[in-house]
1. If you take every residue apart from Ile140 with its C-beta less than 13 Å away from the C-beta of Ile140, what net charge results, scoring Lys and Arg +1 and Asp and Glu -1?
2. Among [x] 23, 17, 14; [y] 28, 18, 17; [z] 22, 17, 14, only one was calculated for this model; which label is it, if the read-out is semi-axes √(5λ) of the Cα gyration tensor in Å?
3. Mind checking which of Asp34, Asp23, Asp95 has the largest fluctuation in a GNM of the chain, springs on alpha carbons under 10 Å?
4. Explain nothing, just compute: Karplus ³J(HN,Hα) = 6.51 cos²θ - 1.76 cosθ + 1.60, θ = phi - 60°, for every residue of segment 117-129 in order, whole Hz, x for Gly and Pro.
5. For every other residue with a beta carbon closer than 13 angstrom to the beta carbon of Ser124, add +1 if it is Lys or Arg and -1 if Asp or Glu, then tell me the sum.
6. Would you list, by chain and number, the lysines whose Cα falls below 27 Å from the Cα of Lys131, excluding same-chain residues fewer than 8 positions away?
7. Could you order the peptides 47-55, 125-133, 24-32, 5-13 from most to least packed, using the average number of other C-beta atoms within 10 Å per residue?
8. Using label points projected 7 Å from each Cα along Cα→Cβ, tell me how many nm separate Gln60 and Thr123, to one decimal.
Amino acid sequence: IGSRQRSLDARISIDIKFQPSSDNEEAGLSVYVDQLRDFNISVRGKNIIFSTSCLQQPTQTTEIPRQSKSSRLSFRVRCTEVMYAFDVKEESDGDDWREVGTADSKLISEWGYTGPVFALFATSNGEGETKPVLFENLVIS
């Protein structure tokens, strides 16, 4: 499921219910241009993953251990004309969001640019099946 980013100043959030049973199972939110240019925040195994892929530099991935064992968490992306900020909220955070990474908007805004798509995804990363994922309360503003 995806929706084109229609404004430089935008925000998207999603609640996810997902309990990966192996380290290859992953679900999350992507700012996607094409297979070479995307920014992602996801849950994979017992970690929150923040990754950036672009033409100018190799893929960079940060793994952050989850603070909660709950199957529920929320992701948010805050966009401006110069950057994207990626946040997570776990059950142990209460109502507080934690920023897990930022990315320069220039990294995905050149070479045939028509604008990114906000996309939800779930994958087994090519290894077996993925448990069901419940995406709820998608808000784009």
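1. +4
2. Checked against the structure: label [x].
3. Taking springs between Cα atoms under 10 Å, the residue moving most is Asp95.
4. For segment 117-129, the Karplus-derived couplings read 10, 7, 9, 9, 8, 9, 8, 9, 6, x, 10, x, 9 Hz, x marking Gly and Pro.
5. Net local charge, Ser124 excluded: -3.
6. Lys17, Lys46, Lys69, Lys89
7. My ranking of the peptides, most packed first, is 24-32, 47-55, 5-13, 125-133.
8. 2.0
Since every read-out is calculated from the coordinates, none of them should be taken as a lab result. These numbers come from a predicted model, not from an experiment. Cβ sites come from the backbone with ideal geometry, for glycine too, and all protein chains shown count toward neighbours.
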